[in-house]
Each structure stands twice: as structure tokens, then as C-alpha cells.
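Colleague: My structure is below; once you've seen it, I'll send some questions.
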Number of protein chains: 2
Amino acid sequence: MSHRGIDLPSLADIQAAHQRIAPFVHRTPALTCRAIDDAVGCQVVFKCENLQKVGAFKYRGATNAVQSLQEADALRGVATHSSGNHAQALALAAKVRGVPAYVVMPSNAPAVKREAVAGYGAKIIPCEPTLAARESTLARVVAETGAHFVHPYDDPRVIAGQGTAVLELLEDAGPLDAVITPVGGGGLLSGTGIAAAGVAPSCRVYAAEPAGADDAARSLAAGVLIPSIEPDTICDGLLTSLSPRTFAAIREHVAGIVVVSDEAVMAAMRLVFERMKLVVEPSACVGLAGLMTRREAVEGERVGVVFSGGNVDLGRLWEE
Amino acid sequence: MSHRGIDLPSLADIQAAHQRIAPFVHRTPALTCRAIDDAVGCQVVFKCENLQKVGAFKYRGATNAVQSLQEADALRGVATHSSGNHAQALALAAKVRGVPAYVVMPSNAPAVKREAVAGYGAKIIPCEPTLAARESTLARVVAETGAHFVHPYDDPRVIAGQGTAVLELLEDAGPLDAVITPVGGGGLLSGTGIAAAGVAPSCRVYAAEPAGADDAARSLAAGVLIPSIEPDTICDGLLTSLSPRTFAAIREHVAGIVVVSDEAVMAAMRLVFERMKLVVEPSACVGLAGLMTRREAVEGERVGVVFSGGNVDLGRLWEE
């Protein structure tokens, strides 16, 4: 699908991605919780990507990108810059295909994140903690190795992979009035919007975003891309800003973006820990926090909520 | 089944309990985790009673006791003394049958526990925080109301209910070489031992117990009941000691009890949070801690581990 010259996946691309990645990813459960339904005043079906491999939906997009490569291209490996879930996802996706992965990571990234990526067999290339150093280091790695760059979200194959989660949710949950996902760079939200528009056009697509990184809400309101400057939130997976590609998909398919406080995120996270007994990361809880913040928008409806990941830094929450 | 004059449930009693409680309890999932298998050197199938109603296997025994009552007896209600999972379990089981529940609770019990029990509609009767006050207050409540006392573990109907978890595990997991449960008062362990001996006699039954409350291990070694004096462990569900009834079942059916440190319990709990994304309470982690402590006993085998509950006091782990 092309949108004003921007390459985006179609529903058919997302369906093809689903077939391509099915042997490699978990079909995560769609779970419900009566106590949470009572708390938010609607019927919620949670798509549990916190139970996905590497603990996040990012494994879908990374796997689709890696498995889409021609054999000769794949053999040179894949590369990215990330210190988050995408780095782990790409590392494991490359390992599964048996090809190298190169991950450019700022030298001040927490040891636990370096170890997780290295644990999946990726080669880590440290760089100064600036955007310029990250990009120049990545360019050098790609030039030296011939590796294929897989962006965390600004890539049609990645967006198609992320869209497969909501395809499964709509199959497993039955008809939904609305679905709500987190939005950071917009890969998950773009894929969700395209997929839902294709298979369930009456299902409204919403996103939720922390107040400390609310570029998507501001961009949608203004009609132009407004990147976040110095984002600050406990939702460490949502610090990035939209790209022109994801913004185009979101303008076309997203009915609204609710902005939530970090306090609402923590309250939602605690509810999930206590009532569902599931570990979810703060970024994964913005959707539920959004339902709690804007109850009236979905009152009495059936709503899908995507738990995007479960990689909590327990050391920050839980002092041993 | 009678053992030296002690009334214990038979396999048939446990199977009847399973039919009786099936409409009311969750058939909890039996889950596996490759990262944990690699960490402990055997294949583990986890019975997830942390996902049971009220967050603990205790709901099975309480439901079996409440649903076993004749209508006239049930109408007068049920009573117990507990500040833990049994109190919540009995409160909900009574609510589901539409009969009153009376819970004697020490006046210094945490507010969060009082609220949980009250939230299921039980009447809470505070007492001084001594064993004598607890027993005399319970006796008074029973005399005044005619309510039926349901002991947390020293009751054949409760033991039969707890034994249903391992019946399901053996059905869902396929053949197991061994199964390991926590042991506090011994209700779960007794029911597990009787059920496994009946349907899978080649499956060894083990228990695990924290070092700060190791009365079951000491009793089994000595051949006589040795209650814990001033037990001290983070496993707040395992502070109680065996009764003559549960000791009799354990002597007959349990192959061994492994004693674990609180540090091993916390390491196991962290592994479950990080790799399975499941919230489990410390008491639920002694089985996995036992496998980590005594790897050689089950190396390469298929082992069932019962996660007994998920009611973590997040306030203690997680300072907001």
C-alpha cells in the first residue's frame, strides 16, 4: 500500500507475514479478568504479548523482517541500533535463521540489557550515547559487514509483523468494538490500524501514550509530525517518536490517542500484577491506563488491549 | 481411607471432589518454560494455581468443603480462623453458595488482608493475636451462629479438594517422574500424595519447605510430629505446622522433603517473574527452589511443580 508515496504494508502483507512467522512465534493467549472489567466498566480482552518470545511483540516484526530476506542477503546478517526489546528480538530472530546480528548500543546502556542481547548471540558494538554516534556507528557496521539494517519501526516488514498480533486477537476474541495499543515509534499502532481496518472495519483503533512522551497525540492534533524533545516517562519502551511512515498510517486508521500519566500507568500495572498475576512492563500498561482515564469512551463495550511486553527491570521495582 | 484411626480422603474421594468443584474453580493451565528447564536441568511442568480464583489452590479445598455441606448445615454458614489465602478462599466459596462466612482474624492483621476477605462478603471477627484468643473466639462464633468450622488443612474434605490440582496436572502434563509441592500445614501435600499414589504410582511425590519453618522435614526424619516454634521465613503461607492427620498421609506417600533457604526462594521467584512473566508468591516458589537446590535428585526427568499461589504483598516488594 502506498500512501502519498510512503510504502506501508497492506492487509495482504500482514496476512502473509502471519503465515511467514507462525512457525517461529508464540500464538499468545487472549485473556480476560472480571475484576478488571468491573474496575474499568467495559469488557476487556488482553492480547498477552508479554508472553511472546523475548517478552515482547517486537519479536513478530523482527522475525518477519529476517525471514523475508533472500538467502544471500540473510547470510550477511542484520543490524540495528537499540537498547530495548527490538535489539533482543532481532538478535533471537537472526539466531533462529542462523545468521549474524549486529547491535549498536550506547556505552551507558544497563549491563542487564547488554547481557540479554549478547545472550541471544548478537555481536554488540558500543558507541557514544548520542544520536549522531549511534547513526555513524551503524553506518560503519553496515558498510563493513554488508548486514541488512532492520529499523525498530520505520520499515514495512516490521510494521506488517507487528500487525499480526491484532489479527490473532480478532480471531480469538470475537467481535470487538475497539482496540487500544501503546504508541512509541508507531510500528505496532500502524500495523494494528491497517489490520483492523481490513478485517474488522467497525472496530475503532485507539492508542495510549504517556504524558512525558506525547508526540503522537500532539502530531495527530496538529496534523504535522511533532517529535518529542527530551521525553521523560517510566514507559521506557515509548520514548521514541513517530516517523513520517507510521504517522501516515496512524492519521488514516486511528480514531484517537489518549494521554496518560505515569501514575495511571503504575496503577494499571499494579492491577495487572495483583488481579491477573501477570508481569507486564510499564509501557504495556498505557492501554489499560487509557481505559481507566477515559472510561466514558468505551463504556459497556468489548475492547481489545495489547499488552506489548513484560520486560520489567525488576531491580528498579524490587530491591533485593 | 483410615490410617491408624485417622480419617483421610481416598483417591475416590478426591475424584468426587474434582467433579463437585469443577463448576466453580478454574482448571488452571500447566505451563512450561525452556529457560527454566535449562536452568534446573530437568523438564518442568508448572501447575499454575497462582491463576486460580482468589489466587491460590486454597479455593479448591474450601469449595469442596462448602459444597459438601447439606443444605440445612450450609445455611448456618461456615467459619474459620486465618489471615491468609484460606480466609479469602472460604469467603468466596461461601459467597458462591450464598451462605454466610465468619472469619476470626487477629486484630494486627494487615489491612490489605482484612479488606480482601471483607471484599468477598465475609464477616470478620477480630481477636487478640494469640492462639488462645483465636481458638476461644472461633468457639464463641461457632456456638452463637451454628456455623460449620472449616479448618485450613486438618479436614478430609479440604485435603480432597487440594488433591484435585495434581489430578489435573497428571491429566494435562502426561507422565511425570516426580511432582513437588510446598508444605505448610500439609493439606496440599497430603492430597497430592494420595492422588498421585492412586493414578500415577510411579510418580514420586516430594515437598519443599523453607529452612525457617522446616517442621515437616524434621518430623519426617524423626518419625514423630515436631511442630515449628517461632517459624521465620518470607514464605508467609508456610508458617503452620503439620497435624497428625497430614503427617500420617505424608509419612505414607512422600518420598522426601527438601529444605530451601529464603535466598533460594527469592532467586526462584525472580526467575519466574523474569522468564515466565508470572506473579507468584514466595511460598509458591519453594518447589522450584528445591529443584535448584537438589538438581541431582531429578536430573533429566519430567517433574511437576505446583505454584501454590500468587498473592504477593507488592507493598513489601515494590515501594511506590
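The values are calculated or read from the model by the stated rules, or taken from the named source; none is laboratory data. All figures in this text were calculated on a predicted structure; none of them were measured in a lab. All Cβ positions, glycine included, derive from the backbone under ideal geometry; neighbour counts span all protein chains shown.
Colleague: One residue is enough: does segment A:237-252 have a residue meeting the conditions in a strand (DSSP E or B) and either more than 12 Å from chain B (Cβ to nearest Cβ) or in contact (Cβ under 8 Å) with a residue 40 or more places away in the chain (or both)?
Modeller: There is no residue in segment A:237-252 that is in a strand (DSSP E or B) and either more than 12 Å from chain B (Cβ to nearest Cβ) or in contact (Cβ under 8 Å) with a residue 40 or more places away in the chain (or both).
Colleague: Find the residue count for segment A:253-271, including only residues that are assigned to a helix (DSSP H, G or I) and either buried (at least 22 other Cβ atoms within 10 Å of the Cβ) or without any contact (Cβ under 8 Å) to a residue 40 or more places away in the chain (or both).
Modeller: 8
Colleague: Against the conditions (1) among the small types (Gly, Ala, Ser); (2) part of a helix (DSSP H, G or I); (3) touching a residue at least 60 places away in the same chain (Cβ under 8 Å), where does A:Gly184 fall short? Just the number, please.
Modeller: (2)
Colleague: Considering only segment B:247-292, state which residues are of a type in the set (Phe, Trp, Tyr) and within 18 Å of the chain's Cα centre (by Cα).
Modeller: Selection gives B:Phe247 alone.
Colleague: When you check A:Gly290 against the structure, is it small (Gly, Ala, Ser), part of a helix (DSSP H, G or I) and under 24 Å from A:Gln52 (Cβ atoms), yes or no?
Modeller: So A:Gly290 fits the description; yes.
Colleague: Turning to a different aspect of this structure: Every residue in segment B:226-246 that is crowded, with 18+ Cβ neighbours inside 10 Å, in contact with a helix residue (DSSP H, G or I) (Cβ under 6 Å, 6 or more places away or on another chain) and more than 24 Å from B:Val312 (Cα to Cα), please.
Modeller: Hits for segment B:226-246 are B:Ile226, B:Thr246.
Colleague: Another question, then. Restricting attention to helices (runs of 4 or more DSSP H) lying wholly within segment B:58-125, give those where 3 or more residues are surrounded by fewer than 24 Cβ atoms within 10 Å (Cβ to Cβ) and at pLDDT 95 or above.
Modeller: Correct list: B:71-75, B:85-97.
Colleague: Which members of segment B:275-307 meet the condition of being more than 14 Å from chain A (Cβ to nearest Cβ) and of a type in the set (D, E, K, R)?
Modeller: Result: B:Arg294, B:Arg295, B:Glu296, B:Glu299, B:Glu301, B:Arg302.
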